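Read the structure below first, then the notes.
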Amino acid sequence: MQFHHNGYVSADPRVQPAAGTGINRPEELPEFMDVLIVGTGPAGTITAAQLSQFPDVHTRIIDRRPHRLEIGQADGIQSRTVETFQAFNFAERITAEAYVIKETTFWNPDPAKPEQIIRTDRTADDPTGVSEFPHLVVNQARVIDYFAEYALNSPARITPDYGWEFKELSAEPAHEYPAKVTLINCADGADSLERVVRAKYVVGADGARSQVRRSIGAKLSGDKANHAWGVMDTLALTDFPDVRTKCAIHSTAGSILLIPREGGQLFRLYVDLGEVPENDEGKVRETPLEEIIERAKAILNPYSLEVKDVVWHSVYEVGHRLADRFDDVPLEKIDSQNPRVFIVGDACHTLCKSRARDECVHAGWLQPGMENWSCAFWASTSAIAADLQRRT
Ligand SMILES: Cc1cc2nc3c(=O)[nH]c(=O)nc-3n(C[C@H](O)[C@H](O)[C@H](O)COP(=O)(O)OP(=O)(O)OC[C@H]3O[C@@H](n4cnc5c(N)ncnc54)[C@H](O)[C@@H]3O)c2cc1C
């Protein structure tokens, strides 16, 4: 965004004049569109924000959720990602509402009493000074809100179409809109009827269990087993002295990553539940909250943890997996066929547990997810936009 490059602006410079497809943009999801983005998570919303600067391209973004995300998971924001926020002009506003991570403390078993933890180290969060921006903790929903605001205020006036589930797609190469996409109307009170829409390009930003990825026959490969974490955003009484500092805690009873939350009251505990056996069939996800709390109490010994409320919790199972390709072009046709369908974000790459473990010990546990936020998207969105600009 370049403020005032056309002279003096007396209105809010963040709201750019509507242009092209942003003028009289249809409220209802149309039958034909240039780009269909599936998923309003971080990957999809950034893609929409980027494309919102190209008003000649008619972009729609759908999600099966009935409304905006209210509580998210990806709350740790690396400082290099805040640089990306600055490019979209909201780094300052989001930093003001975030928890700023300045240092990390490390806790390990006391050699004299190994069943108890002691602080063994304290480091600056970013000893190398990798960025002028800070490392933040802020709800993923707010990050998405800012990107969505940018998309809405940009010339193409992009806003999500909620309540549409992607079912499948097929290619009709000779058609002007070659991607034939079947959607299900799943809005509250809707009829669940199927509807076919057509797009020139489809971006699958529909998360780790991506249906778009399945539709193009791409496959994830990588870790065979997952690693599980019990995650809870907690309001508690505790005499643990570093409760407002990011901590990597290792004890004879297990490990915790503690991250204070924005707002000054809650803190998030990632409690290590260990490697998940291949034949687990999702049983680990049924780990009761009470068990996670008991584990956390044992790990924090000799400090007390009296949990008053858990506003959100989950069992987070993850392994490092990468798609065998990022678009619908089979490897043998890579030199002769243009891609029409792209996958981005968790649809093509999920968090690396070994790096997660490493970064527990050092700083920036959350970096692999953030790479999703900022790498694959730029590559694919700029390629689509450039091509569409040439065609229109
Ligand atoms: C507990 C937990 C903590 C995490 N913490 C962090 C962190 O601190 N930092 C970090 O960077 N990452 C973190 N991650 C990872 C992070 O959440 C993901 O990397 C990120 O959300 C991926 O974004 P995405 O847009 O690719 O997919 P998602 O966020 O999964 O979004 C996919 C969207 O697609 C929609 N969708 C799915 N299928 C369909 C369909 N068929 N039709 C229509 N819509 C569909 C979904 O409703 C959803 O809105 C965490 C993950 C978990 C589970």
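Compare the peptides 91-98, 48-55, 60-67 by average per-residue count of other Cβ atoms within 10 angstrom and give them in order, highest first.
48-55, 60-67, 91-98
What's the local net charge at E27, with K and R +1, D and E -1, over the other residues with C-beta under 15 Å away? Before the final figure, lay out the partial values.
Details: positive: R25, R60, R157; negative: E28, E31, D161.
Local net charge: 0.
Report, in deg cm²/dmol and to the nearest 500, the calculated mean residue ellipticity at 222 nm for the chain, where each DSSP H run with n ≥ 4 adds -39500 (n - 2.57) and the sum is divided by the residue count. Spell out each step's value before the answer.
Working: 9 runs with 90 residues, N = 392.
Mean residue ellipticity, 222 nm, calculated: -6500 deg cm²/dmol.
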- Query: Using the Karplus equation 6.51 cos²θ - 1.76 cosθ + 1.60 (θ = phi - 60°), what ³J(HN,Hα) coupling, rounded to whole Hz, does each residue of segment 156-173 give in order, writing x for Gly and Pro?
  - Reply: 7, 6, 6, 9, x, 9, 7, x, 10, 9, 6, 9, 6, 9, 9, 9, 10, x
- Message: Taking 2.2 N^0.38 Å as the expected size of a compact globular protein, what ratio does the Cα radius of gyration of the chain give against it, to two decimals?
- Response: 1.06
- What list of ³J(HN,Hα) couplings, whole Hz, do you get for segment 320-333 from phi and the Karplus terms 6.51, -1.76, 1.60, once you set θ to phi - 60° and write x for glycine and proline? 7, 9, 10, 6, 6, 7, 10, 8, 8, 8, x, 3, 6, 10
- Straight-distance crosslink candidates among lysines, where the alpha carbon sits under 29 Å from K102 and sequence neighbours closer than 8 are dropped: K246, K297, K308, K353
- On a 0 to 90° scale, report how tilted helix 42-51 is relative to the longest principal axis of the chain, with both axes built from alpha carbons and the result rounded to the nearest 10. 40 degrees
- Query: On a 0 to 90 degree scale, rounded to 10, what angle separates helix 140-153 from the longest Cα axis of the chain?
  - Reply: 20 degrees
- Task: Quick one: what are the phi-derived ³J(HN,Hα) couplings along segment 279-292, Karplus 6.51/-1.76/1.60 with θ = phi - 60°, whole Hz, x for glycine and proline?
- Result: 9, 5, 6, x, 5, 4, 5, 8, 3, x, 3, 4, 5, 5
- What residues qualify as long-range amide H neighbours of S210, i.e. H under 5 Å apart, gap of 5 or more or another chain, H built at 1.01 Å from N? none
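Based on the mean of other Cβ atoms within 10 Å per residue, sort peptides 199-211, 277-289, 168-180, 308-320 so the most packed one is first. Could you put the intermediate results ahead of the total?
Numbers: 199-211: 24.0, 277-289: 11.8, 168-180: 14.4, 308-320: 16.0.
The peptides rank, most packed first, as 199-211, 308-320, 168-180, 277-289.
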- With +1 on each Lys and Arg Cβ and -1 on each Asp and Glu Cβ, and nothing else charged, work out how big the dipole of the chain is about its Cα centre, in Debye to the nearest 20. 540 debye
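Considering only DSSP beta bridges where both residues belong to the chain, give the percentage that are antiparallel (nearest 5).
Values: 62 of 81 bridges.
Percentage antiparallel, nearest 5: 75.
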- Task: Using the charge dipole of the chain (Lys, Arg: +1 at Cβ; Asp, Glu: -1 at Cβ; taken about the Cα centre), state which of I77, G274, N301 has its Cα farthest towards the positive end.
- Result: I77
- Rounded to the nearest whole number, the Stokes-Einstein translational diffusion coefficient of segment 184-253 at 37 °C and 0.692 mPa s (Kirkwood radius, C-alpha pairs) in µm²/s is 180 µm²/s
- Which residues' amide hydrogens lie under 5 Å from the amide hydrogen of E168, considering only partners 5 or more residues apart or on another chain, with H built in the peptide plane? T182
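Read-outs throughout are calculated quantities, based only on the coordinates presented, and are distinct from any laboratory measurement. Treat the numbers as computed from the prediction; the structure is a model and nothing was measured. Neighbour counts are summed over all protein chains in view; Cβ atoms, including those assigned to glycine, are modelled from backbone coordinates with ideal geometry.
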